[in-house]
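Just below is one structure, and these are the notes that go with it.
The values are calculated or read from the model by the stated rules, or taken from the named source; none is laboratory data. The structure displayed is predicted, hence computed values, not measured ones. Backbone-built Cβ (ideal geometry, glycine too); neighbour counts: all protein chains shown.
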Amino acid sequence: METKMFCMQCEQTAGSESSGVRACTNAGVCGKNANTARLQDELTGSLITASRSGKNISDKLLVESLFATLTNVNFDDTALEKLIAEVGTSHYDMYKVRDADEDTRSLKTLLLLGCRGVAAYAHHSLVLGYDVGEIGAFLKKALAAIGDDGYGLPELLPLAMECGKVNIDALELLDKANNESFGTPVPTAVGRVIEPGPFIVVSGHDLRDLELLLEQTADKGVSVYTHGEMLPAHAYP
C-alpha cells in the first residue's frame, strides 16, 4: 500500500484494527494534506535533533513549533516551513518511531502526543505573557528521548509518567494565566439567538485571540459566535 503520509494522532484517524492500519495514509480525515503532514513531521524531527544536540532554542520557539504539529492546529505550509527554518537543524526521521517494536512505538508515541498537549497549554500561557518555567526543559528532555533509537520500555515509561505530571503543571499555569488575565469564571447564561448581519464563528481554545477579535469587531455590527470548544470563554468576566 502506498503511504503518502502517516498520521494517527486524533480520534478521526482513518482505517481499522482489522486492516492492520490505524492511520491516515493518503489525506487526513480532518482535511490535512500529505505535504502538510510531511512538514509537521519534519518540524517535529527538527525539534528532536535540536534537543538531542543541545542546541539553544527559546521556549517560545519550542512551544510554538510543537503546538503547530498538533493534529489540525496549523495547516499553513508557509508557516510550518518558517518554523523549520527557525529551528535550523536536520530532522530526525519520524518513521523510525512508527517502525520501532510495539512497546517502543507505543511509548514514544504516547510521550510525543503528551508533549504536544503540554505545548498547547504552555503556548496559551506564553501569549498571555507568562513564563513556562521548567516545562520547556522537560519538553526538550522528552524529545531527546524520542530520538534515542536505543531507548525502550525502561527509559520511556518513567518519562511518560513524568509527562503526566508536567501536564498538570502546565494546566495550573494556564489556569493562573487565564484567571489573572480575564477574571475567575462564573456560571453564565449563553444566548443562542442568531442576529442579522455579518458574523464570525470562533473555534479553538485561545482566549487571547478571542479577546483581540472582540476588540476589533466592537461597535462594527459584526456578530461573533463561539463554537463549543470556545464556550468556556463566556464564563470569564
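Every test in (1) buried (at least 20 other Cβ atoms within 10 Å of the Cβ); (2) more than 14 Å from the chain's Cα centre (by Cα) is passed by residue 82 save one, and that test is (1). Number of residues in the stretch 89-138 that are more than 30 Å from residue 178 (Cβ to Cβ), of a type outside the set (D, E, K, R) and in a loop (DSSP other than H, G, I, E, B): the value is 6. Taking first residues from the stretch 219-231 that are closer than 17 Å to residue 198 by Cβ and partners that are in a helix (DSSP H, G or I), the Cβ contacts under 8 Å between residues at least 6 apart in sequence or on separate chains come to 224/210; 224/213; 224/214; 224/217; 226/210; 226/233; 226/234.
Quick one: would you say residue 205 is closer than 25 Å to residue 118 by Cα and in a helix (DSSP H, G or I)? So residue 205 does not fit the description; no. Here residue 69 clears all of (1) without any contact (Cβ under 8 Å) to a residue 24 or more places away in the chain; (2) within 24 Å of residue 205 (Cα to Cα); (3) of a type in the set (S, T, N, Q); (4) surrounded by 14 or more Cβ atoms within 10 Å (Cβ to Cβ) except the condition numbered (1). The set of residues in the stretch 24-40 being crowded, with 19+ Cβ neighbours inside 10 Å, farther than 15 Å from residue 11 by Cα and not polar (S, T, N, Q) consists of 37, 39. If you check 125, 106 for being modelled with pLDDT under 95, in the same structural domain as residue 57 (by TED's automatic domain parsing) and surrounded by 14 or more Cβ atoms within 10 Å (Cβ to Cβ), only one passes: 106. Condition check: in a loop (DSSP other than H, G, I, E, B), outside the structural domain of residue 119 (by TED's automatic domain parsing) and either surrounded by 10 or more Cβ atoms within 10 Å (Cβ to Cβ) or of a type in the set (Phe, Trp, Tyr) (or both). Does residue 195 satisfy that? Against the criterion (in a loop (DSSP other than H, G, I, E, B), outside the structural domain of residue 119 (by TED's automatic domain parsing) and either surrounded by 10 or more Cβ atoms within 10 Å (Cβ to Cβ) or of a type in the set (Phe, Trp, Tyr) (or both)), residue 195 qualifies.
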